[in-house]
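Here's the structure we're looking at; comments come further down.
The values are calculated or read from the model by the stated rules, or taken from the named source; none is laboratory data. The structure presented is a predicted model; accordingly, all values stated were derived computationally and were not measured. Because the Cβ atoms are built from the backbone with ideal geometry, glycine has one as well, and the counts that use them run over all protein chains shown. Each accessible area value is taken on the protein alone, full model and side chains, heavy atoms only, with ligands, DNA and RNA left out. Shrake-Rupley method; radii C 1.70, N 1.55, O 1.52, S 1.80 Å.
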Amino acid sequence: MALLKIYRHARQHGLSSCVKKIFEVLPGYIGVLYLWRVRRCQCCDRITIFLCNSSAAESRACLFCSANERYELLATEIKTRFRDNLSEKDVLELDPHSPLRKILAHARSYTRSFYEAGKNGGSARTDGAVCEDITHLTFRDDSFDLIISSDVLEHVPFLDKAFNETARVLRPAGAHLFTVPPRTKTKKRSEVVDGAIHHIETPEYHRDPLCPQGILAFWDIGADLPQVIPSAGLDIRIARGPAGNDGRVVWIAERGQ
Ligand SMILES: [Zn+2]
């Protein structure tokens, strides 16, 4: 229930819908008031309230920028890794409304993307975000120094193609920093066979602002990811974590020199 999300909801659905929504969700937040925390946010750098409506780390988010635990972990990794030279880096983030926006705006260039099935790759929305499929990116080879994604890769059926594409558009020594929901082992939950989705495990859907019914997770991704997924030209390893009750980590997939 961050201020930014409230603002976006009001712009998209109108003020009365926004007020109705706030009164719907407010009791859930008030009920766990004792779990709220006041501290500095790693993403927007403000002293803020981290609101939540459950004990899950994923639900605790900055009042101002909506950053939760995984975005704060990414923010800490980006600030540590690119402390002095972010302004020399070209960055692609696979998220049009990221709480990392304030930090990444200091990059030499900052491209935000979203995915929408059926929409032409490379087409831009009015807010400047570009439609991109991570398995068929429209960018030239060696376009970026840094790619960021947060809980995206588990939704990509052909994970090897995604890594091939990020390796292609990254410059030598460039890196893809990403998070995925922590799991014990890497395995397919669902797959696409002859254009149809086939479920191997019980279908698991994650929340997605672009998809009200939720988005299917094709993968569980665990610490054995580098041994399971072939990724030519990328060194995939854990860069930060585990942190928090869920053991969240920041992964890095780094292109060689
Ligand atoms: Zn914040």
Considering only the chain, percent of DSSP beta bridges that pair antiparallel, nearest 5
65
With +1 on the Cβ of every Lys and Arg and -1 on the Cβ of every Asp and Glu, and nothing else charged, how large is the dipole of the stretch 6-158 about its Cα centre, in debye rounded to the nearest 20?
800
Percent breakdown of C-alpha pair distances by 10 Å bin, ordered from the shortest bin, for the stretch 40-101
22, 50, 23, 5
DSSP loop trypsin sites (Lys or Arg not before Pro) in the stretch 156-227 with at most 11 other Cβ atoms within 10 Å of their Cβ, which ones?
Lys185, Arg207
For the chain, what does the helix formula give at 222 nm: sum of -39500 (n - 2.57) over DSSP H segments with n ≥ 4, over the residue count, nearest 500 deg cm²/dmol?
-6500 deg cm²/dmol
Have a look at Ser54, Leu216, Leu137 and report the one farthest towards the positive end of the charge dipole of the chain, computed about the Cα centre with Cβ charges (Lys/Arg +1, Asp/Glu -1).
Ser54
If exposed chymotrypsin sites (Phe, Trp or Tyr not before Pro) are those in a DSSP loop with at most 15 other Cβ within 10 Å, what is the longest stretch of the chain that has none?
37-157
Under 5 Å between amide hydrogens, which residues at least 5 positions from Arg240 or on another chain qualify, with H placed 1.01 Å from N in the peptide plane?
Val250
Give the shape of the chain as rounded, prolate or oblate, defined through the alpha-carbon gyration tensor: a ≥ b ≥ c are the square roots of its eigenvalues, a/c under 1.5 means rounded, and otherwise the shape is prolate if a/b is larger than b/c and oblate if not.
rounded
Give me the percent relative contact order of the stretch 99-257, please, defined on Cα pairs under 8 angstrom at least 6 residues apart.
20
At a 1.4 Å probe, what is the % contribution of carbon and sulfur to the accessible area of the stretch 71-255?
49
Can you work out ³J(HN,Hα) from phi for every residue in the stretch 141-147, in order, using Karplus 6.51 cos²θ - 1.76 cosθ + 1.60 and θ = phi - 60°, giving whole Hz and x for Gly and Pro?
4, 6, 8, 10, 9, 8, 10
Dipole of the stretch 71-255, Cα-centred, from +1 at each Lys and Arg C-beta and -1 at each Asp and Glu C-beta, to the nearest 20 debye?
400
Within the chain, longest stretch free of exposed GluC sites (Glu not before Pro) [DSSP loop, at most 14 other beta carbons within 10 Å]:
1-115
